[in-house]
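Student: Can you read through this structure? Questions will come right after.
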Amino acid sequence: MTPIRLGVLASGRGSNLQAIIDAIESNTLDATIAVVVSNKKGSMAIERAQQHGIQDIFLDPKSMEGESNPRQVYDQKILEVLKEHEVELVLLAGYMKIVTPVLIDAYQSRMMNIHPSLLPSFPGLGAQKQALYAGVKVSGCTVHFVTEGVDEGPIILQTAVSVHEDDTVDSLSARILEQEHQLFPQAVQLFAEGRIGVEERRARVLETAP
Ligand code: GRF
């Protein structure tokens, strides 16, 4: 089987990108990263790509500032890069920019995001802080397909994580992150095996590929 071609969009630390790289290198994920795109110059995600000989591209959002629709024009540039690299599945791995329909429509049910809560609870920024504030006893992480609403879209996989009485945002984030690093490669592998079915708002994990 030809490995599925991934395009990863990342803005920061890139630990989820690293988890994908590690899973590929240890042969637990049947994929290849065709390109890593970042909206932040010199991000750690870019460094990680370079360390592993992966094509990286920095696209400066500021260079679109004069346009009437800068966000759409920016996504159009990203789309060109993804097409040029024959990307089949796009991963948002700590990508701190809202994607527009330009990308969402082109990669419908082919773009995944990872979020540090059990969605639909605590979407948006500061999910771990929101969880602590709400006093939930269980939180976790979610991999879902990207649709127009922020952190909405069919849920593919989730892992629950206990919230401890003495947790801080940092300690809870670290416990969730450990699970993110397992979950994201698993979801991508299911996609590569053709085992994710989407019906309206629901994604289903199939026993075997249809
Ligand atoms: C992760 O917690 C992810 O769930 C969220 O942003 C964070 C990115 O971390 N979307 P990293 O850049 O992958 O280390």
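Student: Each residue of the stretch 140-155 in order: what ³J(HN,Hα) in whole Hz does its phi give by Karplus 6.51 cos²θ - 1.76 cosθ + 1.60, θ = phi - 60°, with x for Gly and Pro?
Tutor: x, 9, 9, 10, 9, 6, 8, 10, 5, x, 5, 6, 9, x, x, 7
Student: Using only alpha carbon pairs under 8 Å that are at least six residues apart, calculate the relative contact order of the stretch 114-210 and give it in whole percent. Present the calculation step by step, with values, prior to reporting the outcome.
Tutor: Values: 157 pairs, mean separation 24.3, N = 97.
Worked out over the stretch 114-210, it gives 25 percent.
Student: Which far-off residues, 5 or more places away or on another chain, put their amide H under 5 Å from the one on Leu29, with H placed in the peptide plane?
Tutor: Sorted by chain and number, the residues that satisfy this are Ile24.
Student: Please list, ordered by chain and number, the residues whose modelled amide H lies under 5 Å from the amide H of Met96; skip anything fewer than 5 residues away on the same chain.
Tutor: Counting only residues 5 or more places away or on other chains, the set is Ser11.
Student: Here is a further query. Would you please give the residues with an amide H less than 5 Å from that of Ala203, counting only those at least 5 places away or on a separate chain, with H modeled from the backbone geometry?
Tutor: The list, which skips near neighbours in sequence, is Ile155.
Student: Separate question: Straight-line reach from Lys77: which lysines fall under 28 Å, measuring Cα to Cα and dropping same-chain residues less than 8 apart?
Tutor: Lys40, Lys41, Lys62, Lys97
Student: Moving on to the next point. Given just the C-alpha atoms of the chain, how large is their convex hull per residue in cubic angstrom?
Tutor: On the way: hull volume 27.1 nm³, N = 210.
Taking the convex hull of the Cα positions in the chain, it is 129 Å³ per residue.
Student: Lys and Arg at +1, Asp and Glu at -1: add these up for the other residues within a Cβ distance under 15 Å of Val138 and post the number. Please report the intermediate quantities before stating the final value.
Tutor: Numbers: positive: Lys137, Arg175; negative: Glu165, Asp167.
In short, 0.
Student: Further, regarding this structure: Counting other Cβ atoms within 10 Å, which GluC sites (Glu not before Pro) in the stretch 33-108 have at most 14 and lie in a DSSP loop?
Tutor: Details: sites: Glu47, Glu65, Glu67, Glu80, Glu84, Glu86, Glu88; in loops: Glu65, Glu67, Glu86, Glu88.
In loop regions of the stretch 33-108 (DSSP not H, G, I, E or B), the sparsely surrounded GluC sites (Glu not before Pro) are Glu65, Glu67, Glu86.
Student: Just add up the charged neighbours of Ser43: K/R +1, D/E -1, any other residue whose Cβ is under 13 Å from the Cβ of Ser43.
Tutor: Numbers: positive: Arg13, Lys40, Lys41, Arg48, Lys97; negative: Glu47, Asp56, Asp60.
Computed value for this residue: +2.
Student: A follow-up question, please. Hey, got the Cα dimensions of the stretch 1-104 along the principal axes, in Å, largest first?
Tutor: In descending order, the Cα extents are 45, 28, 19 Å.
Student: May I ask you to evaluate 6.51 cos²θ - 1.76 cosθ + 1.60, the Karplus curve with θ = phi - 60°, for each residue of the stretch 196-205 and list the ³J(HN,Hα) values in order in whole Hz, giving x for glycine and proline?
Tutor: 3J(HN,Hα) across the stretch 196-205, in whole Hz: 10, x, 10, 10, 6, 8, 10, 9, 10, 8.
Student: Then there is this: So if a site counts as exposed when it's one of the trypsin sites (Lys or Arg not before Pro), its DSSP state isn't H, G, I, E or B, and it has at most 12 other Cβ atoms within 10 Å, what's the longest stretch of the chain without one? Please report the intermediate quantities before stating the final value.
Tutor: Details: sites that count: Lys41, Lys137, Arg201.
My reading of the result: 42-136 is the longest stretch.
Student: Same structure again: Once you keep just the Cα pairs under 8 angstrom separated by 6 or more residues, what percentage relative contact order results for the chain?
Tutor: Details: 397 pairs, mean separation 39.0, N = 210.
Dividing the mean separation by the residue count of the chain yields 19 percent.
Student: To continue, here is another question. Please give me the summed charge of the neighbours of Asp30: other residues whose Cβ is under 15 Å from its Cβ, Lys and Arg +1, Asp and Glu -1.
Tutor: Around Asp30, the surrounding residues sum to -2.
Bear in mind that the values in this text are calculations on the coordinates, not laboratory data. All values derive from a computational prediction rather than experimental measurement. As a convention, Cβ positions derive from the backbone with ideal geometry for all residues, glycine included, and neighbour counts pool all protein chains shown.
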